[in-house]
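For reference, the structure is listed below as structure tokens.
The values are calculated or read from the model by the stated rules, or taken from the named source; none is laboratory data. What you are looking at is a predicted structure, and each value in this text was computed from that prediction instead of being measured. With ideal geometry, Cβ positions are generated from the backbone for all residues, glycine too; neighbour counts draw on all protein chains shown. When the accessible area is computed, the model is the full protein with side chains, heavy atoms only, and any ligands, DNA or RNA have been set aside. Shrake-Rupley method; radii C 1.70, N 1.55, O 1.52, S 1.80 Å.
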Amino acid sequence: MSINLKMFLYTSKVYADGTSPVIIQYTINGVRKKKVIHNCLEKDWDVKTCRVKAKVINSAYTNNYLTEEYIKAERNLFGVRSGNITIESIFEASTVPTLDQAFDYELTRLVDEMKTGPYKKVHGFKLEFEDLSKIRVSDIDVPWLKSLCKLMAASGNKTSTIQKKMRTIRSIANRYTDKKFSEEIMKFSVKSERPVKQKLTSLEINIIETLPLKQDTKLAAVRDMFLLQVYLRGIRIGDILQAYSSQFKNGRFIYADDKTGQNYSIKLIPRAIIIVNRYMDRFERLFPLFSWTDKKELSAFENKSRRLKVKESRTVTVNYNLKRLAKLAGIDKPLSSHIARHTYARMAIDKINNPMITMELLGHSSLAMHQTYLNDIRKDDELDKANDDIFE
């Protein structure tokens with residue numbers, strides 16, 4: 001029996017993110033079968049060692065995983081030689097992973113790409129659907145998806161949440177199999193009602209601005225953070241929490257969006273400058289609610305994961321105090337940090353009669369699909385003027 005095994009980067013196929021699949025190839029009596037076990041940029045792959053280059057973030061973790069997969073493949077081939085398993089069973093396992101295996105492949109990819117937020121979500125899915133994850137992805141069909149949706153609904157998930165979870169699971173399963181899903185499976189969805197996006201009126205913003213609060217208290221800091229969110233184009237609370245005083249200089253706020261990685265330079269309107277000056281250089285960050293230092297003994301991914309947990313914890317604190325503020329201000333709305341984004345969006349739409357500019361001001365991630373015609377308006381001076389017009 002002629003039998004051999006090798007692992008390589010299959011550069012003839014390139015995914016949308018620029019990576020190519022890492023393949024384990026079985027060759028038995030001249031018949032080849034491939035199994036996708038990871039994905040990697042060509043520049044990060046070491047052809048000589050058939051592993052990820054050492055300079056790549058979390059290379060040790062990734063290479064350990066690749067080695068484990070290769071050892072499993074060697075065991076399979078030994079089983080064929082000894083007659084304990086069949087060639088067909090190896091081919092089936094190599095081309096049709098279970099949903100559980102697909103989750104593992106995705107978690108490895110997310111660690112490699114330092115995507116801590118998605119990692120947490122996928123890891124949660126793996127635990128939540130543990131009893132269902134033994135199904136092979138090739139056996140996933142519309143009836144299975146329907147049963148999954150019923151199970152999630154019985155567990156108290158809202159229809160919008162069910163839709164998001166189902167799309168993510170379907171995407172992961174589809175990524176790690178050569179047999180792509182049918183159009184019927186890809187288009188399957190559940191009916192869901194869009195949640196009402198709560199926002200504040202200009203009058204309610206004014207009430208919060210003028211609310212008499214004792215300075216240097218947590219409540220006052222939360223009020224100022226919320227207002228600064230509105231003044232800075234609906235910036236996310238995580239970016240305000242982690243902002244340093246040094247990022248506010250020459251009348252601008254310069255930062256990289258913690259969620260998307262997009263870089264921004266925003267002109268500070270007078271109202272924003274007043275708040276920034278109130279806290280400038282007084283604390284570790286601009287505001288005193290977030291403190292963080294990386295631990296040298298942990299990997300970059302582990303530090304980023306821990307920082308994300310702290311950010312989420314502090315966001316809960318902010319939202320708790322915003323509800324206290326709403327009660328003090330007589331505002332009968334479930335005030336939260338995200339309402340600042342909705343509020344700015346509404347004000348922008350009312351003031352700026354150009355949807356292209358308002359979409360750009362908000363920095364929505366969906367703009368990627370419109371990038372070709374939005375580039376012409378992606379200019380700081382035009383955005384700054386539009387931002388000034390909103391608060392005139």
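Summary of computed values
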item	result
Wholly enclosed helices (runs of 4 or more DSSP H) of the range 1-120 bearing at least 1 residues surrounded by 19 or more Cβ atoms within 10 Å (Cβ to Cβ) and either modelled with pLDDT of 80 or more or among the aromatic types (Phe, Trp, Tyr) (or both)	59-82, 99-112
Close pairs from the range 111-140: first closer than 28 Å to GLY261 by Cα, partner open to solvent by less than 40 Å² (accessible area, probe 1.4 Å) and of a type in the set (Gly, Ala, Ser), Cβ under 8 Å, at least 6 apart	THR116/SER305; TYR119/SER305; LYS120/SER305; LYS126/SER133
Residue match in the range 313-321 (condition: open to solvent by less than 40 Å² (accessible area, probe 1.4 Å) and within 20 Å of LYS121 (Cα to Cα))	yes
So ILE208, is it modelled with pLDDT of 90 or more, surrounded by 15 or more Cβ atoms within 10 Å (Cβ to Cβ), in contact with a helix residue (DSSP H, G or I) (Cβ under 6 Å, 6 or more places away or on another chain) and not acidic (Asp, Glu)	yes
Selection status of ASP239, within 22 Å of the chain's Cα centre (by Cα), open to solvent by less than 40 Å² (accessible area, probe 1.4 Å), charged (D, E, K, R) and farther than 30 Å from HIS38 by Cβ	yes
Top-ranked residue in the range 125-154 [being hydroxyl-bearing (Ser, Thr, Tyr) and over 20 Å from VAL190 (Cα atoms); ranked as most open to solvent (accessible area, probe 1.4 Å)]	SER138
Qualifying residue in the range 298-306 (condition: in a helix (DSSP H, G or I), free of Cβ contacts under 8 Å to residues at least 24 places away in the same chain and open to solvent by 30 Å² or more (accessible area, probe 1.4 Å))	yes
Neighbours by Cβ (under 6 Å, 6+ apart or cross-chain): first from the range 149-161, closer than 18 Å to VAL122 by Cβ; second of a type in the set (A, V, I, L, M, F, W, C) and part of a helix (DSSP H, G or I)	MET152/ILE162
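Yes/no matrix, rows are residues, columns are (1) surrounded by fewer than 16 Cβ atoms within 10 Å (Cβ to Cβ); (2) at negative phi; (3) at pLDDT 95 or above; (4) charged (D, E, K, R):
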position	(1), (2), (3), (4)
ALA243	no, yes, yes, no
PHE248	no, yes, yes, no
GLY261	yes, no, no, no
SER265	yes, yes, no, no
ILE275	no, yes, yes, no
TYR279	no, yes, yes, no
LEU286	no, yes, yes, no
